[in-house]
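Shown next, in structure tokens, is the structure this report addresses.
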Amino acid sequence: MGPPAFVQVAYRKGLMNYGSHTVDLLQLFFGTVTRVEAEKRRSALLDPSYSATLTFASGLQARLSGVDDARYELMDIEIFYSDCKYRLALGGFSVERFQPARGTAISGYVTLPQSGTTVARGPVSGLAEAYREIPRILRGASRVDYATASSAVGVHRVLHAIRVSARSGRAVAL
């Protein structure tokens, strides 16, 4: 499968709420965020869902798209590899895999039809199910290191950098 090429996230319920869980998961999967560039934005909301690009130490970029107007649960992550794509819906309640196939939708073209779905065994509660299942599915890991005080501080640094970048319109190095 190789390293991921790009990550796209759509979320709602604010940066400090779903955004914090998203950043925590992304750092668990892909390592430390080294740079943040948010869309310049002022909001009257107490906890807006900012949009930003996160750059990891590996060079991988993840695009966070905040969707405050959504009237449904939204925390979807798409991870693009050179030879497949994964979609994690509702923070990992379902994990879908898409693999290349020739001519399934457009003759002569390689497209990415869905090739499998794994659904959590029960409700996702506080994303505990996601933290257990997603790394197992993506990397074959048998054990997940859950959030620690140290990782929470790292998440807070990224969230703060997103807010600073959104206010200033400039990228923030971490």
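Since only 92, 115, 65 are under comparison, the one whose Cα sits farthest along the positive direction of the charge dipole of segment 60-119, derived from C-beta charges on Lys, Arg, Asp and Glu, is 115.
Annotation for residue 84 and residue 102: the two label points, set 7 Å from Cα along the Cα-Cβ direction, are 2.0 nm apart.
Run the dipole for segment 1-111 about the Cα centre, Lys and Arg Cβ at +1, Asp and Glu Cβ at -1, nothing else charged, and hand back the magnitude in debye, nearest 20.
The dipole magnitude comes to about 160 debye.
Around the amide H of residue 115, modelled in the peptide plane, lie the amide H atoms of 97, 98, 99, all under 5 Å away and 5 or more residues distant in sequence or on another chain. Across segment 74-80, rounded Karplus estimates of 3J(HN,Hα) from the backbone phi angles (6.51 cos²θ - 1.76 cosθ + 1.60, θ = phi - 60°) give 8, 7, 10, 10, 10, 10, 9 Hz, Gly and Pro being marked x. A 1.4 Å probe run over segment 1-121, with the rest of the protein chains in place, finds 51 Å² accessible per residue. Coupling constants for segment 165-174 follow from the phi torsions by the Karplus curve (6.51 cos²θ - 1.76 cosθ + 1.60, θ = phi - 60°), and in residue order they are 5, 5, 6, 8, x, 10, 5, 10, 8, 10 Hz; glycine and proline get x.
Karplus-derived 3J(HN,Hα) values for segment 57-66, using 6.51 cos²θ - 1.76 cosθ + 1.60 with θ = phi - 60°, are 4, 6, x, 4, 10, 10, 9, 9, 10, x Hz; glycine and proline are entered as x.
The values are calculated or read from the model by the stated rules, or taken from the named source; none is laboratory data. Since we're looking at a predicted model, the values are computed, not measured. Don't worry about glycine lacking a Cβ; one is built from the backbone with ideal geometry, like all the others, and counts go over all protein chains shown. We work out accessible area using only protein heavy atoms, side chains counted, and drop any ligands, DNA or RNA first. Shrake-Rupley method; radii C 1.70, N 1.55, O 1.52, S 1.80 Å.
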